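The values are calculated or read from the model by the stated rules, or taken from the named source; none is laboratory data. Model, not experiment: these values are computed from the prediction. Cβ placement follows ideal geometry from the backbone for every residue including glycine, while neighbour counts extend to all protein chains displayed.
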Amino acid sequence: MTTMDRDILIGGDIGGTHMRVALVERHGLILHQSRAATDVQAGVPDVVKRLVRQCLEMMEMAHRMGRRVCAIGLGVAGKLDRRKGAVLFSPNLPPMNGYPLARDLRRALSVPVVLENDADSFGVGESLLGAGRGTPNWIGLTLGTGVGGCIILGGRLWRGDELGFSGEFGHMVVDPQGPLCACGLKGCLEAHASSSALQQGVRAAVACGRLSSGPLHAACSSNALTSELIHHQACLGDELARELFHRVGWTLGLAIAGLFSALGIRHAVIGGGVSNGWDQFIEPLMDSVARHCSMLEPADMVIRRSELGDDAALIGSAHLAWLQVPAAVNGLQSHTE
Ligand SMILES: [Zn+2]
């Protein structure tokens, strides 16, 4: 086995609710993965400790297979300083702000660690093996605790001016009078189309007296609201839940229409946990995107669901780490995308 054949990667995804780590082959096959609660409120050092433990387990597993982890890629929501490996601004993981996450992990594990935006990692994963395969130009949206986004142009991840963010569609304002977003602005897409927004919509209905009984009211009272439950209730015909998912589709359509017009492209891929509510939001989404994009015929717009689900960001972050492994580490002259 050559050095290159021995090399394997760890891809990770640190979300607002869960963090997942996987052992990934260079071509994207996931061999093993584990998941733990992020629980960022317990403090970032605690999160790092659990993350180190998860990575060590993967490294031991690789070792038992005669393999060597040559790099770790971690997808994190928010604006990043990729050179320093630090999170600069993460609306849904505020204790992470300013934390040199990559440095601490590198010190603990003695392996190069690369930080990437989680939605960018999703984009690279779907481009390699999922819904973006063979489509050179597309935008991706991830609907989770927040709303992330990525721009793939010419088959490559668009990084803009390397300011530490790109494709932050979640913080595009779609209604200036809309609800408050975690970033501090009012009416961002994220404040309408994320799982936080769905839950906030139910809480607002309870607060104003519109919702006074039923499963959603009970879940709200016991702090057990989830976007899955809201979707389930929408499928059963609950008016409020259906309205909330309608709002997800309508606001996504507004954002996608603007992006199609701005970029001159016509493909979008939607992922993240809330995309499991596809049946409840795709109709208003297609209606909205058709109404708000005067440049394209509705039949020419292609909106696809993620094919890889939660695996996309793991595959993508591992691949992005591989592309940045120093030549001295992997024995090659250089990698190019
Ligand atoms: Zn925002």
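Computed quantities for the displayed model
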{"read-out": "Extreme residue, modelled with the highest pLDDT, among residues of region 16-43 that are surrounded by fewer than 19 Cβ atoms within 10 Å (Cβ to Cβ) and β-branched (Val, Ile, Thr)", "value": "Ile30"}
{"read-out": "Qualifying residue in region 258-266 (condition: at pLDDT 95 or above, in contact with a helix residue (DSSP H, G or I) (Cβ under 6 Å, 6 or more places away or on another chain), in a loop (DSSP other than H, G, I, E, B) and more than 26 Å from Gly15 (Cα to Cα))", "value": "yes"}
{"read-out": "Hits in region 230-241 (condition: under 24 Å from the mean Cα position of the chain (by Cα) and surrounded by fewer than 18 Cβ atoms within 10 Å (Cβ to Cβ))", "value": "His232"}
{"read-out": "Residues located in region 137-158, provided they are under 20 Å from Arg82 (Cα atoms) and either in contact (Cβ under 8 Å) with a residue 24 or more places away in the chain or of a type in the set (Gly, Ala, Ser) (or both)", "value": "Gly148, Gly149, Cys150, Ile151, Ile152, Arg156, Leu157"}
{"read-out": "Condition broken by Leu185, with the remaining ones in (1) within 10 Å of the ligand (Cβ to nearest atom); (2) touching a residue at least 40 places away in the same chain (Cβ under 8 Å); (3) of a type in the set (A, V, I, L, M) satisfied", "value": "(2)"}
{"read-out": "All positions within region 132-152 that are crowded, with 24+ Cβ neighbours inside 10 Å, part of a loop (DSSP other than H, G, I, E, B) and away from the ligand (no atom under 16 Å from the Cβ)", "value": "Gly132"}
{"read-out": "Matching entry among Leu225, Leu189 (being touching a Phe, Trp or Tyr at 6+ places or on another chain (Cβ under 9 Å) and buried (at least 19 other Cβ atoms within 10 Å of the Cβ))", "value": "Leu189"}
{"read-out": "Residue under evaluation Trp250, criteria (1) more than 18 Å from Met172 (Cα to Cα); (2) in contact with a Pro (Cβ under 6 Å, 6 or more places away or on another chain); (3) of a type in the set (Phe, Trp, Tyr), criterion not met", "value": "(1)"}
{"read-out": "Members of region 202-251 found to be outside any loop (DSSP other than H, G, I, E, B) and of a type in the set (Ser, Thr, Tyr), listed by number", "value": "Ser221, Ser227, Thr251"}
{"read-out": "Extreme residue, nearest to the chain's Cα centre (by Cα), among residues of region 153-182 that are closer than 19 Å to Gly253 by Cα and away from the ligand (no atom under 13 Å from the Cβ)", "value": "Gly167"}
{"read-out": "Breaking point among (1) surrounded by fewer than 16 Cβ atoms within 10 Å (Cβ to Cβ); (2) part of a strand (DSSP E or B); (3) among the charged types (D, E, K, R), for Asp13", "value": "(1)"}
